[in-house]
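Okay, so here's the structure we're looking at.
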Amino acid sequence: MTNIRDIAKMAGVSVTTVSRVLNHHPYVSEAKRAAVLEAIKKSHYHRNINAVHLSKGKTNLIGVAVPFLNHPYFGQLMEGIADEAITQNHQLVLFQTNYEPQRELEALKMLKYKQIDALIICSRAGSWEWIEEYQQYGTIVLCEDARKKPISCTFIHHYQCFQAALDFLHQKGHRKIGISIGRTSGTNSHQRLRAYRDFLKNINEPYRKDYVFDHCLVLEDGVDIIERISKMSEPPSALVITSDEVAAGALLQCQQKGISVPEQLAIIGFNNQPISYLMNLTTIDIPLSEMGRSLFRQACDGTRISQKEMSYTLVERSTV
């Protein structure tokens, strides 16, 4: 394989001159530049990009660990990350984790071995101990409220956000309110469950386990929620569902079963996805694309820790 010294010998110039031509340095005579370019052409020389990255100490690759690529929430988050990557002339290395901690660990190991410059974790499955261990190897950015930790993050205050949805339903006269969440183990879900328990305590309503629906991520899960509610002797009069896709499934099943919305069952979704607009769902708008852009900017700025809280807005439509 031809190397830079071979090119220099073929062109009759120094290795330094070849390096200057390869790096588009202006202070090279046209004759020497032409000789180097001709030698490169004849030898079919290609730069060893790994060696270039090693010499610069930078790959221009940012890792992104995401549970699912086909979920609307993560799709919109990824859209913001990808847009900012193009703007800053970086490339992305994607790790679909399926919420399997070992896959997340594989991404962290790539950071350790300098195969990526930084790692964005869109929704964490691994432990804090892993994050603390691997921070020494490069920048890690989290999409969760990590203000108590020395790490960069962009987040929504899910306790306040969830409580705003619950308070809105209470103002509309609802007391028996059920909730749907994704994972019981996630940091965001912990905040939402705490907000729910505090809300019930404040309005003197008991906590009912059968009013909490977990592991709800896709449209079919919303259908299942309504099936379960329809069999209850004392069903909730309202639902807060932490995904517009799941909320859409619930609304469709209500229509199938003749359950009037919002008269018999009020529904609030989350994220303000296009499906919420199409189905006229009341929802909480979260600026996911902007969150993605913020995460990427933090990943590129490895010199300092920054923690950014994003705003949210309740969008009132016809389901409450």
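Values as computed for the structure displayed
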{"read-out": "Pairs where the first residue, in segment 73-96, is modelled with pLDDT of 95 or more and the second is surrounded by fewer than 19 Cβ atoms within 10 Å (Cβ to Cβ) and among the acidic types (D, E), C-beta under 8 Å, 6+ apart", "value": "G80/E290; F95/E106"}
{"read-out": "Single match in Y137, Y113, Y159 (criterion: free of Cβ contacts under 8 Å to residues at least 60 places away in the same chain, under 22 Å from the mean Cα position of the chain (by Cα) and under 26 Å from T303 (Cβ atoms))", "value": "Y137"}
{"read-out": "Qualifying residue in segment 79-89 (condition: assigned to a strand (DSSP E or B) and either touching a strand residue (DSSP E or B) at 6+ places or on another chain (Cβ under 9 Å) or not aromatic (F, W, Y) (or both))", "value": "no"}
{"read-out": "Subset of segment 283-294 (residues that are in contact (Cβ under 8 Å) with a residue 40 or more places away in the chain and either touching a Leu at 6+ places or on another chain (Cβ under 8 Å) or among the small types (G, A, S) (or both))", "value": "I284, L288, S289, M291, G292, S294"}
{"read-out": "Residue list for segment 264-305, restricted to those being aliphatic (A, V, I, L, M), out of contact with any strand residue (DSSP E or B) (no Cβ under 8 Å at 6 or more places or on another chain) and assigned to a helix (DSSP H, G or I)", "value": "I275, L278, L288"}
{"read-out": "Residue in segment 289-300 that is under 14 Å from I156 (Cα atoms) and of a type in the set (D, E, K, R) present", "value": "yes"}
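The values are calculated or read from the model by the stated rules, or taken from the named source; none is laboratory data. Since the structure is predicted, the reported quantities are computational estimates derived from the model, not experimental observations. Methodologically, a virtual Cβ is constructed for each residue, glycine included, from the backbone with ideal geometry; neighbour enumeration extends over all protein chains shown.
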